[in-house]
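The values are calculated or read from the model by the stated rules, or taken from the named source; none is laboratory data. The model shown is predicted, which means the values in this text are computed figures rather than measured ones. Note that each Cβ is placed from the backbone with ideal geometry, even for glycine, and that neighbours are counted across all protein chains shown. Areas reflect the complete protein model, heavy atoms only, side chains present, ligands, DNA and RNA absent. Shrake-Rupley method; radii C 1.70, N 1.55, O 1.52, S 1.80 Å.
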Amino acid sequence: DRGCNLACNMCRDVKILPDQSNVDQAVRDINSALGMGSLSEISFSGAGEIFIMAKIVRLLESEAFSSQNVGINITTNLTHFDQKLWDRIKHNRFENVFVSADGATRETYESIRIGANWDSFQTNVQLLATLRRNGAIKFLMWSFTVQRANIAGVVPAIALAKAQGF
């Protein structure tokens, strides 16, 4: 679903709330795939923020994936990912976490990621880095959309990502 809590300048002009009919259909499709018993990995990504979709978060909180050892891949802007959420979903097998962020300084990040907070992002990136170092997440990747407003920040972003274990 395209629902997202941010209005990033490269994606949209306004926040778009999740379309519950899309989310409901996704949950039905996921449950159907799980019922077949051969699902080995699932990816939650796209043009929205997965962690604002309550029904998907509840699915991650359940034993639906962990009971079948299904690997989880997630793309997130990290605005809703924190220790409290991690404690509720950490029983899953997280293969890949893709972090979508487009700045290496407060000014650039917050001017592109409209509605996001640099301090929260930094805290949540550090949490992810710790989880990666401890083996709770297999792979971290930083997705950075290069544009005129942030091109000078590409090298600092690479350095920041590298320092955090991406």
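Values for this structure:
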read-out: Cα centroid separation, segment 128-149 to segment 9-78 (Å); value: 19 Å
read-out: Accessible area (Å², per residue) of the chain, counting only protein heavy atoms and a probe of 1.4 Å; value: 51 Å²
read-out: Partners for LYS55 among lysines (Cα-Cα distance below 26 Å; same-chain residues under 8 apart left out); value: LYS15, LYS84, LYS90, LYS138
read-out: Within-11-Å neighbourhood charge of ASP24 [Cβ basis; K, R +1; D, E -1]; value: -1
read-out: Overall dimensions of the chain as given by Cα atoms, namely Rg and Dmax in Å; value: 16.0, 48
read-out: Over segment 55-95, equivalent-ellipsoid semi-axes from the Cα gyration tensor in Å; value: 17, 11, 9
read-out: Over the chain, relative contact order from alpha-carbon pairs under 8 Å, at least 6 apart, %; value: 20 percent
read-out: Note, ³J(HN,Hα) from phi for segment 149-161, Karplus 6.51, -1.76, 1.60, rounded to Hz, x at Gly and Pro; value: 5, 10, 4, 5, x, 4, 5, x, 5, 4, 4, 5, 4
read-out: Nonlocal amide H pairs with GLY71, under 5 Å, H built at 1.01 Å; value: GLU41, ILE42
read-out: P(r) histogram, all alpha-carbon pairs of segment 120-166 included - 10 Å bins from 0, percent; value: 26, 51, 21, 3
read-out: Long-range amide H partners of ASP19 with built H, under 5 Å; value: ARG2, GLY3
read-out: Cut-off 13 Å between beta-carbons: net charge of the residues surrounding LYS138, Lys and Arg +1, Asp and Glu -1; value: +1
read-out: Rounded to the nearest 20 debye, dipole of segment 89-165 from Cβ charges on Lys, Arg, Asp, Glu; value: 320 debye
read-out: Charge tally in the Cβ shell below 15 Å around ARG113, where Lys, Arg are +1 and Asp, Glu are -1, ARG113 excluded; value: -3
read-out: With all protein chains modelled, accessible area of LYS84 [1.4 Å, Å²]; value: 140 Å²
